[in-house]
Amino acid sequence: MSSSPDTRLPASEVVEAEGHLIDSHIMERIFDTVVEYDGRFEVEKFHIGRTNSDPSHLRLRIEAGGAEDMDRILAQLIGLGCTPVHGGDAALETVLKDCCAPDDFYSTTNHRTLVRVDGQWMEAGHQRMDALVVVRDGEARCRRLRDIRAGDRVVTGMRGIRVIPESKERDRLHFAFMSNGISSERQVETAVRETAAIARQTRESGLGIVVVAGPVVVHTGGGRALSKLIRAGYVQGLLGGNALAVHDIETALFGTSLGVRQSDGRQAEHGHRNHMRAINAIYRAGSIRQAVESGVLAAGVMYDCVKADVPFALAGSLRDDGPLPDTITDMNLAQDAYAERLRGAGLVLCLGSMLHSIATGNMLPAWVRIVCVDINPAVATKVSDRGTGQAVGVVTDVGLFLDLLAKELVQS
């Protein structure tokens, strides 16, 4: 018995892409994507950049079995920087109810995104992944689903959208540890030197350096090095959870972290209650800043943040003791605080905190550098797998990395 013939009308589309298509392996990913989604392609035009700074240009004709198949292919290709030649303006639909988008809304990546409105391309501001694009008052802006309001006009469908993926560096030696797991002392020192160079470059360009830190920074003795970086002006924002601040304050007040003496690594007598004593001391003072101003807190990472006027955001979780009065226990407000601290960042150092690192990566555009340091190689992998492709993994002890970085950046 023969199968029924496919009555779908074939669909055809011409797309273009521009950039360092070969170096970044984007061109082969474009070809593979078309084939993977049962399409066919024909290269109509390809111009390769003649110098290391010249972009390449690709014009591709795509055929698919039908309109739905073509839409699926285009949905993938747009994320790779392809733009339909005859796409026209972006489709805009009006939101009818707060927090409720039209079914066909466009969901952003973390790559630079432009939308075409009234024949003009405009870049979406506040770029981040998993957002909608709202067009209002002649501007396009990425906005989270929970932040859209009735009356907003949001981009829908796949037409009139241009995504510009970040290109791989043409300098083969720059940031060379990106593709290598770090294990030996020599490689760690190389990673530190590269990170220090990017930190200097970031500061010279007027962009900020934000640190995302877990309590392991304190446990591994990295707190002193982090404080040194804060005092030297290499930190413009600190993101973490309740535990980071609690254990840092415990160390400053009692010389222990989770009841373990920092001086010799031995359990202090009745040390198990020291973290609660630290929380109690801050409550008695009123806040971390008030504890510093009153002289109750006179050392540590949080102390140096207050003294250097470095803004911090502490996101709470279900497991937190206390928590500290500064800890934000409303997750929506905590996300807002993180996003605010990340504005203007050029480099983010993620130090020993998988959940906070993943959350931070989801808020960042692809052109912000991320260096993720953890003793567990799976952490950097998970950060990258969640869509933050620009994250670089350094597998080493966080305390060691911070100590070497402080010595590299601060000559004192």
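Structure summary
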| read-out | value |
| --- | --- |
| Checking residue 142 against (1) under 22 Å from residue 365 (Cβ atoms); (2) hydrophobic (A, V, I, L, M, F, W, C); (3) modelled with pLDDT under 90, the condition it does not meet | (3) |
| Test: residue in the stretch 10-19 that is in contact with a Ser or Thr (Cβ under 9 Å, 6 or more places away or on another chain), farther than 21 Å from residue 157 by Cα, surrounded by 13 or more Cβ atoms within 10 Å (Cβ to Cβ) and not assigned by TED's automatic domain parsing to the domain that holds residue 123 | yes |
| Subset of the stretch 37-59 (residues that are touching a residue at least 40 places away in the same chain (Cβ under 8 Å) and either touching a helix residue (DSSP H, G or I) at 6+ places or on another chain (Cβ under 7 Å) or closer than 14 Å to residue 76 by Cα (or both)) | 58 |
| Residue that is surrounded by the most Cβ atoms within 10 Å (Cβ to Cβ), among those in the stretch 101-123 that are touching a residue at least 24 places away in the same chain (Cβ under 8 Å) and part of a strand (DSSP E or B) | 113 |
| Matching residues, the stretch 19-46, being modelled with pLDDT under 90 and part of a strand (DSSP E or B) | 19 |
| Given (1) under 21 Å from residue 401 (Cα atoms); (2) surrounded by fewer than 19 Cβ atoms within 10 Å (Cβ to Cβ); (3) basic (Lys, Arg), index of the condition residue 228 fails | (2) |
| Among residues of the stretch 201-238, those that are β-branched (Val, Ile, Thr), modelled with pLDDT of 95 or more and not in a helix (DSSP H, G or I), counted | 5 |
| Flag for residue 316 being on the phi > 0 side of the Ramachandran plot and out of contact with any Cys (no Cβ under 7 Å at 6 or more places or on another chain) | no |
| Scope the stretch 129-151; condition crowded, with 20+ Cβ neighbours inside 10 Å and part of a loop (DSSP other than H, G, I, E, B); matching residues | 131, 148 |
| Enumeration of residues in the stretch 196-223 that are basic (Lys, Arg) and without any contact (Cβ under 8 Å) to a residue 12 or more places away in the chain | none |
| Residue check, residue 284 over 22 Å from residue 329 (Cα atoms) and in a helix (DSSP H, G or I) | no |
| Those residues of the stretch 369-384 which are surrounded by 21 or more Cβ atoms within 10 Å (Cβ to Cβ) and free of Cβ contacts under 8 Å to residues at least 24 places away in the same chain, in sequence order | 370, 372, 380 |
| Qualifying positions in the stretch 110-134 - touching a Leu at 6+ places or on another chain (Cβ under 6 Å) and at pLDDT 95 or above | 123 |
| Answer from 156, 94 - the residue that is among the polar types (S, T, N, Q), touching a residue at least 40 places away in the same chain (Cβ under 8 Å) and closer than 28 Å to residue 342 by Cα | 156 |
| The stretch 242-271, subset at pLDDT 80 or above and either of a type in the set (Asp, Glu) or touching a strand residue (DSSP E or B) at 6+ places or on another chain (Cβ under 7 Å) (or both), residue farthest from residue 355 (Cα to Cα) | 255 |
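A quick yes/no check of all residues on (1) in contact (Cβ under 8 Å) with a residue 24 or more places away in the chain; (2) in contact with a strand residue (DSSP E or B) (Cβ under 7 Å, 6 or more places away or on another chain); (3) closer than 23 Å to residue 351 by Cβ:
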{"position": "273", "(1), (2), (3)": "no, no, no"}
{"position": "300", "(1), (2), (3)": "yes, no, yes"}
{"position": "304", "(1), (2), (3)": "yes, no, yes"}
{"position": "315", "(1), (2), (3)": "yes, yes, yes"}
{"position": "327", "(1), (2), (3)": "yes, yes, yes"}
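Each row is one residue, and each column tells you yes or no for (1) over 26 Å from residue 404 (Cα atoms); (2) surrounded by 19 or more Cβ atoms within 10 Å (Cβ to Cβ); (3) aliphatic (A, V, I, L, M).
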| residue | (1), (2), (3) |
| --- | --- |
| 313 | no, yes, yes |
| 319 | yes, no, no |
| 323 | yes, yes, no |
| 327 | yes, yes, no |
| 331 | yes, no, yes |
| 334 | yes, yes, yes |
| 338 | yes, yes, no |
| 350 | no, yes, no |
| 354 | no, no, yes |
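The values are calculated or read from the model by the stated rules, or taken from the named source; none is laboratory data. Source: prediction; values computed, not measured. All Cβ positions, glycine included, derive from the backbone under ideal geometry; neighbour counts span all protein chains shown.
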